[in-house]
């Protein structure tokens, strides 16, 4: 490197670094993924809280119930609305909140935090949600729109057709 070009290269590197730094500082505080309706995030939450302790088949099956509901005319037409479907009330802060134990999926209105705390299970839930949304597994529930854990027997179970049992969940349509 000769003496005349060295200071110029240092100047260019400095300008490039300054431009990069300025770009980073001007970015919004939160960069969002290309999931316009947050559907994969919503589905991952449902996988995490409803089937986080289940093997892969259980996680897929719980997710497929959500997808089957989205396709059914009696339910909302997107993943997040299906998952967050609940009876609501206005609280003392004048906010609309779900009524405890009056949700389609119990974790959403059980009064506990809805923030995942187990990173490994959360990351797996995100991957499975992506794969379910992109239909990489197919419907292993045979069209089910309902399920319950084997520790309970809900009032609606006798009015629906049982399709499959996967791990400790029974599925119906």
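Given a Förster radius of 45 Å and the C-beta distance between residue 131 and residue 92 as r, what FRET efficiency does 1/(1 + (r/R0)^6) yield to the nearest 0.05? Provide the component values of the computation, followed by the final result.
Values: r = 41 Å, r/R0 = 0.92.
The value I calculate is 0.60.
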Point to revise | Net length gained if the chain between residue 38 and residue 56 were fully extended (0.36 nm per residue, minus Cα distance) | key: 4.3 nm
Exercise for review: Could I have the simple spin-label model distance between residue 119 and residue 165, label points 7 Å from Cα toward Cβ, reported in nm to one decimal?
Suggested key: 3.8 nm
Check your understanding: Which FRET efficiency value, to the nearest 0.05, is calculated for residue 102 and residue 157 with the Förster distance at 22 angstrom and r the Cβ-Cβ distance?
Key -> 0.75
Study note, to complete from the structure: Quick calc: nm separation of the 7 Å Cα→Cβ label points for residue 142 and residue 110 -> 2.8 nm
Practice item. Could you tell me whether the range 59-119 comes out rounded, prolate or oblate from its Cα gyration tensor? Rule is a ≥ b ≥ c as square roots of the eigenvalues, rounded for a/c under 1.5, then prolate if a/b exceeds b/c, otherwise oblate. Key: oblate
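Each reported figure results from applying straightforward, stated rules to the coordinates on display, with no laboratory input. Predicted model, so just to flag it, every value in this text is computed and none were measured. All Cβ positions, even for glycine, are placed from backbone atoms using ideal geometry, and neighbour counts span all protein chains on display.
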